[in-house]
Each structure stands twice: as structure tokens, then as C-alpha cells.
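No lab work stands behind these numbers, since they all come straight from the coordinates. Remember, it's a predicted structure, so these values are computed and weren't measured experimentally. Virtual Cβ from ideal backbone geometry, glycine too; neighbours counted across all protein chains shown.
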Number of protein chains: 2
Amino acid sequence: MISTKWALLIIPLLAERPVRNNEFLRLIDGVSQKMLTQTLRELERYGLVERIDYRTVPPHVEYRLTPIGRSLNLVLVPIDDWAEKNFPKLLTAQQDFDRRQESEASVRTKPL
Amino acid sequence: MISTKWALLIIPLLAERPVRNNEFLRLIDGVSQKMLTQTLRELERYGLVERIDYRTVPPHVEYRLTPIGRSLNLVLVPIDDWAEKNFPKLLTAQQDFDRRQESEASVRTKPL
DNA sequence: CAGCATCCGGATGGATACTG
DNA sequence: CAGTATCCATCCGGATGCTG
């Protein structure tokens, strides 16, 4: 359920405050309208997010975390912290790994 | 990084003990050899998982968590707990949601 | 046993145009 | 503003066959 590209970005945002459709599009880099709606519907479906339509013109819709959604966010916070803390390590590990792969590739490519 | 279909299933398994390729295939329902290798390589790439090749015949390869991987698992445990605890709620929420969708659909379909 | 290479259908997701 | 609908290229991932 959270093993999806955008859910882990949406939920922490909603933990701060209610967010509107266009705000998401601005705040989450790279998400398309389609994927945003799809993910929000999914989260709504599981009762994690509540969609509030003020039925005004022009439309005003906001999304909030439900109590269950909030309880999920609580266990997600440590992951954010972990990610922030370990990001540099992950990056260098990745670069090292890729460098190793490259050198092996060149061995296979130029066996002379 | 963990927003991928199999990573969240692989890591907790490795937290228990080292696991071999075929064990994964047996223990993780639905994973294919291709996806398993792909995910393991990815985790290895970030330095979360270590691949140990005993260089025997027949081959014996095992995967372990690195210290960083272990620290990640630590923050993942609460998610597992959360999931187990809230699964019933999520399920009924989902069913309710789907039922609501259905009734709305029938309104749109037969407007007489 | 571990895992790579290839093929291939179906799902995914972006772009665009449109609606209330 | 908040979406839906459609089109369509891309990618994902399963199945199969093969290798050391």
C-alpha cells in the first residue's frame, strides 16, 4: 500500500496540514495529475485520507489524514529520519557499486 | 527505494538470518527469479544487503543485511506491526468505499 | 544452485483535451 | 479549481530456455 511511488510523499505532507489538489502538484516534484488522483483515491479507499469537497464555485477540495492515516504517519516519520540521516551513505555506496560494475564490464569488454 | 514491490518483504526476512536465492523464491509468495535478483541487486547497490558467494560447486550464495540495512530494518518493524494491527480496518474501509462507488455507478448508469 | 538473456503481453503513467 | 477521459509509448515483469 505504501510500496507505491507517491504515497510516502503525500502522507507526510498531509501530516502537516490539509492540502489541496493543486498544492500537491506544486509541492511534489514530478507527480502528474493522473497519478496524484490515483494515489489519493487509493489512500481514501483504505480510509487513510479523507476528501472534503466544499462544493463551491470555483471548486475547493481538500485532503486530510484520518485518525488511522495519522497513526500510519507516526510510524513513517522514523523512516524519513532514517532516509535523511543515511542518504549520503547510500549515495556513496551506490557510486562505489556502479564503479565496480563498470570496471568489471570493461574487463569483459576488452579481454586483451 | 523501499517504495518497490518486494523490498519490504525481503528486508524483514533478512533481519532474521541470511537467506539463499531459492529460499527467497519459496518464502516470498509471487516473486519471480527476475524480480528477486533485480531487487536484491538494487539493495546491494545501496549497501543495504551483502551478497556472499561461497564459490562452491554447486553454487552457494547467501544474502545478509549490512549494518546500515539492519538500521533500516529497525525503523521498518513498526510498519509491519502497524500493518498487522490495522489490516482489518483497512479491509473494511476498502469494502465500504467500493460499495459506495458501486451504488454511485448504478445511479449514473440507470438514471431513470 | 544461482542467475543471465530473451521474448512478449499487459499494465503503467505521461500528455492532451475536455467538463462542471 | 478539480478533476475525468482518452490515446499511446514505455516499461514492467512473468515465462522460458540456457549457462557455469
**Fill in**
Note: segment B:42-95, point scatterers on Cα, Debye, no solvent; log10 I/I(0) at q = 0.22 Å⁻¹ equals -0.82
**Request:** For chain A, with a Gaussian network of springs between Cα atoms less than 10 Å apart, report the residue from A:Pro58, A:Pro88, A:Pro67 with the top mean-square fluctuation.
**Result:** A:Pro58
**Item:** Inter-copy spacing of B:Val77 label points, which lie 7 Å from Cα along Cα→Cβ, given in nm from shortest upward
**Value:** 1.9
**Computed magnitude of the charge dipole of chain B (debye, nearest 20; Cβ of K, R +1, Cβ of D, E -1)** = 220 debye
**Asked** Closest approach to the B-A rotation axis by any Cβ of B: residue and distance in angstrom?
**Response** B:Ser3, 3
**Prompt:** Roughly speaking, what % of Cα-Cα pairs in the protein assembly as shown are separated by over 31 Å, rounded to a whole number?
**Reply:** 36 percent
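Give the relative contact order (percent, whole number) for chain A; include only Cα pairs under 8 Å separated by 6+ residues.
23 percent
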**Message:** From zero outward in steps of 10 Å, how is the percent of C-alpha pairs of chain A spread across the bins?
**Reply:** 12, 34, 23, 14, 10, 5, 1, 0
**Asked** In degrees from 0 to 90, rounded to the nearest 10, what is the angle of the helix A:7-16 Cα long axis to the longest principal axis of chain A?
**Response** 50 degrees
**Item:** Least to most buried among B:Phe24, B:Phe97, B:Phe87 (fewest other Cβ within 10 Å first)
**Value:** B:Phe87, B:Phe97, B:Phe24
**Prompt:** What gaps in nm, shortest first, separate A:Glu104 from its twins in the other copies when you place the label 7 Å past Cα toward the beta carbon?
**Reply:** 5.0
**Complete:** Expected sort for B:Val19, B:Val61, A:Val57 with the fewest Cβ neighbours (10 Å cutoff) up front is A:Val57, B:Val61, B:Val19
